[in-house]
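Read-outs: derived from the displayed coordinates by stated rules, not from any lab. If you're wondering where the values come from, they're calculated on a predicted model, not measured in any experiment. No Cβ is skipped: glycine too gets one built from the backbone with ideal geometry, and neighbour counts run over all protein chains shown.
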Amino acid sequence: MRTRPISAAALAVIASLAVAACGSSSTGSSPSGASSTGGSKSLVGAGSTLVAPLVAEWTPVYQQKYGVAITYGAIGSGGGIEQATARTVNFGGSDAPLTSSQASACKCYEIPWALAATVVAYHVSGVPNGLHFTGPVLADIWMGKIKTWNDPAIKALNPGVSLPSTAIVPVHRTDGSGDTFAFTGYLSKVRPAFQSSIGNATTVSWPGGIGGKGNSGVGGALSSTNGAIAYIAIAYVLANKFDYGLVQNAAGKYPTPGIPSISAAAASVTSVPSGGTQGISLTDPPASASGAYPISTFTYAVVPQNLSSDVATALKKFIGWAITDGQTYGPKLDFAPLPPKVVTADQADVNLIK
């Protein structure tokens, strides 16, 4: 799994995280409207770095098929929501659903269009891949209560593994991040002390450790720091061949993060909100979902309401394609296909775009 190749397009997005195109277009078009040149159109989006590798796979295929150029700036979920709210992009990307205040300000639809996971990766010399963790142990690490890799709590979960006395360096996101939202949401569910002291949001006040901007910044800090542990999107973990942990789920299992375990988490969803105004939590699914990876997450297209007709038409077609035919491009990046019930709800939400 760790050596699975990722396409050049996806790696380019991971490496560059280009944001300059989010505020302007070389064709002179404004993000508030789609430009048309010789029958072709363009859309501008920004936001989630988790979904960026998948968008990088989509864009050349979609342009070739439909003549629509899509520019996406991977600036983090918080930035995507802000730019969609300001109408400086045609759509945002976020791994976190809108809060009530964000929804009021944005007046946007949030449509789940991809399904992935936030993974716990680490860099400790001499320690093998696949360490076991529980949610409470991870919470205590990020709360600063577990400080060394040979702490008894970690050793108890990994019998037979030689763990050094190396100091643990937790790495976190410094920008508004859906990965932060998913990770803190999970830890808040399994460790009440974490909820009360740090909480669940796209940006929280961490008590220590080091920070990085975007998944690439977190990955850079992780790879350069012996003893580091980080939460990071699954595609970036695989692209960089980081060692990653197996996190115990509610059934007491340690599923490998990947298509089967992410799909198992999504399958535990019993109902899908309608109207494009609510999110769906996949973290810490019930014990009945015995194969579920516990930090799985949807990522959302954040679409402004009351668009111009040309933008609305272009976005409806693009998002409609992304949630159907576009799903076939996800598995090689460990994005699981959307469940049929979610696709059905999404299609109804896409029809709301006007």
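At a glance:
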| quantity | calculated |
| --- | --- |
| Long-range HN-HN contacts of A228 with modeled amide H, under 5 Å | H123, V169 |
| Backbone HN-Hα couplings from phi across segment 124-137 [Karplus 6.51/-1.76/1.60, Hz, Gly and Pro as x] | 9, 4, x, 9, x, 5, x, 4, 8, 9, 10, x, x, 5 |
| Distance violations [Cα-Cα > 23 Å] among K107/K316; K317/K354; K155/K253; K65/K316; K65/K241; K107/K332 | K65/K241; K107/K332 |
| DSSP beta bridge pairing in the chain, given as percent antiparallel to the nearest 5 | 55 |
| Prolate/oblate/rounded call for segment 118-262, Cα gyration tensor, a/c under 1.5 rounded | rounded |
| Cα-centred dipole magnitude for the chain, charges only on beta-carbon of K, R (+1) and D, E (-1), debye, nearest 20 | 120 |
| Check: segment 118-262 dipole with +1 on Lys, Arg Cβ and -1 on Asp, Glu Cβ, in debye | 120 |
| 0 to 90° range, to nearest 10: angle between helix 340-350 axis and the chain longest Cα axis | 40 |
| Interchain or long-range residues, amide H under 5 Å from A69's placed H | K41, S42, L43 |
| Loop-located trypsin sites (Lys or Arg not before Pro) in segment 115-176 whose Cβ has at most 15 other Cβ within 10 Å (DSSP) | K145, K147 |
| Karplus-derived HN-Hα couplings along segment 302-310 (A = 6.51, B = -1.76, C = 1.60, θ = phi - 60°), whole Hz, x at Gly and Pro | 9, 10, x, 7, 6, 8, 5, 4, 5 |
| Other-chain or far-sequence residues with amide H under 5 Å of A114's (modelled H) | T299 |
| T344 paired with Q195, simple spin-label distance in nm, labels 7 Å along Cα-to-beta-carbon | 3.2 |
| C-alpha long axis of helix 214-223 to longest principal axis of the chain, angle in ° | 30 |
| Unit charges on C-beta of K, R, D, E only; dipole of segment 247-354, Debye | 60 |
| For segment 313-325, Karplus couplings with θ = phi - 60° (6.51, -1.76, 1.60), whole Hz, Gly/Pro x | 4, 5, 5, 4, 5, 5, 5, x, 6, 4, 7, 10, 4 |
| Degrees separating the helix 52-66 axis from the principal Cα axis of the chain, which is the longest one | 30 |
| Selection from G126, A153, P207, by position along the positive dipole direction of the chain (Cβ) | G126 |
| Centroid-to-centroid separation of segment 250-310 and segment 151-229 [C-alpha atoms, Å] | 21 |
| Extension reserve of the Q63-T99 stretch, reckoned as 0.36 nm per residue once the Cα distance is removed | 9.7 nm |
